[in-house]
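Heads up: the structure comes next, in structure tokens.
Every read-out reported here was derived from the displayed coordinates using simple, explicitly stated rules and does not represent laboratory data. The structure presented is a predicted model; accordingly, all values stated were derived computationally and were not measured. So basically every Cβ, Gly included, is an ideal-geometry build from the backbone, and we count neighbours across all protein chains shown.
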Amino acid sequence: MPSFEFSGKTIETDDEGYLQTLDNWNKEIAEYLAKEEGITLTEKHWELIDWVRDYFFKFQVAPAIKSLIKEVGKLENLPDKKEANKFVYELFPEGPAKQLAKIAGLPKPTGCV
Amino acid sequence: MAKSKDKYKVPVLDGKISIPRIVPGAFAYEHMIEAQKDDMEALDFPAKLQDGWKEKAIGVFKEILDHNKAVRDYMDICVRCGACTDKCQFFLGTADPNNMPVQRQELMRKVYRYYFTPAGFFKNLSNSQELTEEVLKDWYTYFWQCSECRRCSLYCPYGIDTAEITMAARQIMDSIGIGQKYTTEIIHKVFKIGNNIGIPPAALRNTLDDLEEEINEETGKDVKIPMDVEGAEVLLVPPSADFFAMPHMESLKGYAKVFHKSGISYTVSSYASEAGNFGKFIGSYKNTKEINKRIWDEAKRLKVKRVVIGECGHAWRAAYNYSNTMNGPFNFLDSRYKQPAHICDFTLGLVKDGVIKLDPSANDDKVVTFHDSCNVARGSRMGDVPGGQLTIPRELIKAAANHFVELREGTTKENTYCCGGGGGLLTEEVMNVRIAGAMPRMQTVKEAVDNHKVNYYALICAICKTQFTKIFPLYGFDAEMVGGIHQLVSNAIIM
């Protein structure tokens, strides 16, 4: 199984770099995963990371894109959905479904997404 | 780990579809991530290659030949005329000769000749080949660069259904423990949770609540998307991407508005929350049947009268072509209606009967074109007359939008190209295969954009929608152009 070394600990991932175990995630590992994606985490990134993690623990799946956009609309006061969508893609250029999930330590979404 | 766009090999578009000079082994490096142990075991496959795999593989090969006479015929009757060679988008895009349909099939035929024909006795004289790990490696590489789209079959003078050969090869590989992660993980999720994405009931309800709220904000109407309601008239089964991804969710809004305005009661199901059937992709009759059965078990449990399938290409093929023989008869449903019905057929019927009204001027900002999805165009039918799968989606688009143009002749209807992501290829590790496979279609998109200012690319397949949303920006087009037919309906329906 692929893995990386972090603070003296071996962190296992799947073949695409998503954490194998939810419990292995912490804020420092998120910073590391984000850096690997070429992203420096800001307060705005953290708001979404925290929200999708809360959602995942409540519902056992990452949020649908429209639910995420709705939340961003509230958090950032962006009622226009196109603006909110643009905002998300500026933070996570490869798309929220996969890049945000990876940094938030969630499993890779499967299916036709 | 970072997926930078410059890592991808994106061809420059010139609007031409030309036959490439062959480059042997050009895409031999492409490799699907192998299946995980628990997924393989959940699907009744061994987790990995085990002692005795060769005998097992040949045994399964023989079972397929005995059970599926068509596959045996396909093994025997190819005369290598070459009509298929330049018809495959993956050959056109990769230039790898093993992606010529005839050559890809030869990877299997040479093994067939070794074990199942007299040619096997004359090993040095005939083009026959023992099944070795080296051969298996080629199978795994190239039978996973075919999207089972059947474009080559259309041009084959013998009617050889290449998809059946790819499916047989994948079935043999799975049976000895060589599986692909993407498809097996998804099938396992359907059995565990009910859909490809893994959306449990509470999450699905939450998503539908958010969608209802959005429709309400936009229309001022109290449109409901009911879930698990016993006694509804219609069970609506969309692909689960319609509950999760964009632009898919816009079509779900369209379906909801159509049901609302027609007054026909309906429900989605948290158990049968997936129209897609990846069992087909891996050629597994058993898994295809089990996934399909969920829809009909749920129709019975919820006591509905009709089943309607959402915008999803292979889902429609799996539901329309196979339901009756796999899990029928459906004598508990209303015999006055087609079972199942396609959502486009359902909506167009309501438009024609005057039950719902569309205002096409709502889409006047769009020049729409339509990409026929392979599994619908070449693999099924729709409605009451032959060719309905080609005419019904177009009629519905024209009812919902004033400006419609066709893509280049010879690449539409039954001649359509695959999006490049079908058949279990819609996964990141083979992004270069997907980009290459989309190339012929993208040449025609460029032409449509340049000549007709097309700015809306209408689809009725969840895989096509995801594939093109990813592929369009890589080729320099706006991902926002990609959308469903029911997204147009959603804009145009008079509420």
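Rounded to a whole number, what is D in µm²/s for the protein assembly as shown from Stokes-Einstein with the Kirkwood radius over alpha-carbon pairs (10 °C, 1.306 mPa s)?
Reported coefficient: 64 µm²/s.
Could you please state, rounded to a whole Å, how far the C-alpha centre of the range B:9-34 is from the C-alpha centre of the range B:95-115?
18 Å
Just to confirm my understanding: which cysteines in chain B have no other cysteine beta carbon less than 4.7 Å from their beta carbon?
B:78, B:81, B:88, B:146, B:156, B:312, B:344, each lacking another Cys Cβ under 4.7 Å.
At 222 nm, what helix-only mean residue ellipticity would the protein assembly as shown give, in deg cm²/dmol to the nearest 500, using -39500 (n - 2.57) for each DSSP H run of four or more?
Value at 222 nm, helices only: -14500 deg cm²/dmol.
Beyond 22 Å, what share of the Cα-Cα pairs of the range B:346-495 remains, rounded to the nearest whole percent?
39 percent
So how far, in whole Å, is the C-alpha centre of the range B:458-493 from the one of the range B:254-274?
When both Cα centres are located, 22 Å separates them.
Could you list the chymotrypsin sites (Phe, Trp or Tyr not before Pro) in the range B:102-135 that lie in coil according to DSSP, counting only those with at most 14 other Cβ atoms within 10 Å of their Cβ?
Loop-located and lightly packed - B:122.
Relative to the longest principal Cα axis of chain B, at what angle does helix B:462-474 sit, 0 to 90 degrees, rounded to 10?
Compared with the principal axis, the helix lies near 80 degrees.
Provide the three semi-axes, in whole Å and in decreasing order, of the ellipsoid equivalent to the range B:193-492 as defined by the square roots of 5 times the Cα gyration tensor eigenvalues.
Working: eigenvalues 155, 101, 69 Å².
Equivalent ellipsoid semi-axes, largest first: 28, 23, 19 Å.
For the range B:146-255, which trypsin sites (Lys or Arg not before Pro) pass both filters: DSSP loop (anything but H, G, I, E, B) and at most 14 other C-beta atoms within 10 Å?
Taking the range B:146-255 and a limit of 14 other Cβ atoms within 10 Å, the loop trypsin sites (Lys or Arg not before Pro) found are B:221.
Roughly how crowded by other chains is peptide A:34-47, in terms of the mean Cβ count from those chains within 10 Å of each of its Cβ atoms?
1
Can you give me the distance in nm between label points at residue B:135 and residue A:15, each placed 7 Å from the Cα along the Cα-to-Cβ direction?
2.4 nm
Note the direction-averaged projected area, equal to a quarter of the hull surface, for the Cα convex hull of the range B:205-273, in nm².
If you wrap the Cα atoms of the range B:205-273 in a convex hull and average its projections, you get 4.3 nm².
Distance check, please: which entries in B:69/B:470; B:87/B:280; B:413/B:470; B:110/B:181 exceed 31 angstrom between their Cα atoms?
Values: B:69/B:470 39 Å; B:87/B:280 22 Å; B:413/B:470 23 Å; B:110/B:181 27 Å.
Where the Cα-Cα span goes over 31 Å, the pairs concerned are B:69/B:470.
Restricting things to alpha carbons, find the Rg to Rh ratio for the range A:3-103 using the Kirkwood radius for Rh.
Rg divided by Rh gives 0.98.
For the range B:86-239, take every pair of Cα atoms, bin their distances at 5 Å starting from 0, and report each bin as a whole percent.
Per 5 Å bin, starting at zero, the Cα-Cα P(r) for the range B:86-239 comes out as 2, 8, 12, 13, 13, 11, 8, 8, 8, 7, 5, 2, 2, 1, 0, 0 percent.
Pop a pseudo-label 7 angstrom from the Cα along the beta-carbon direction at both residue B:191 and residue B:70 and give the gap in nm to one decimal.
Once both label points are built, they end up 2.5 nm from each other.
Along the range B:97-110, what does the Karplus equation 6.51 cos²θ - 1.76 cosθ + 1.60 (θ = phi - 60°) give for ³J(HN,Hα), rounded to whole Hz, x for Gly and Pro?
Couplings: x, 5, 9, 6, x, 5, 6, 5, 5, 4, 4, 8, 4, 5 Hz.
Excluding residues fewer than 8 places away in the same chain, name every one of the aspartates and glutamates whose C-alpha is closer than 18 Å to that of residue B:338.
Result set, ordered by chain and number: B:233, B:297, B:298, B:311, B:353, B:384.
Quick one: helix A:65-76 against the long Cα principal axis of chain A, what's the angle to the nearest 10°, folded into 0 to 90?
70 degrees
Compute the long axis of helix B:248-262 from its Cα atoms, compare it with the longest principal axis of the Cα atoms of chain B, and write down the angle in degrees, 0 to 90, nearest 10.
40 degrees
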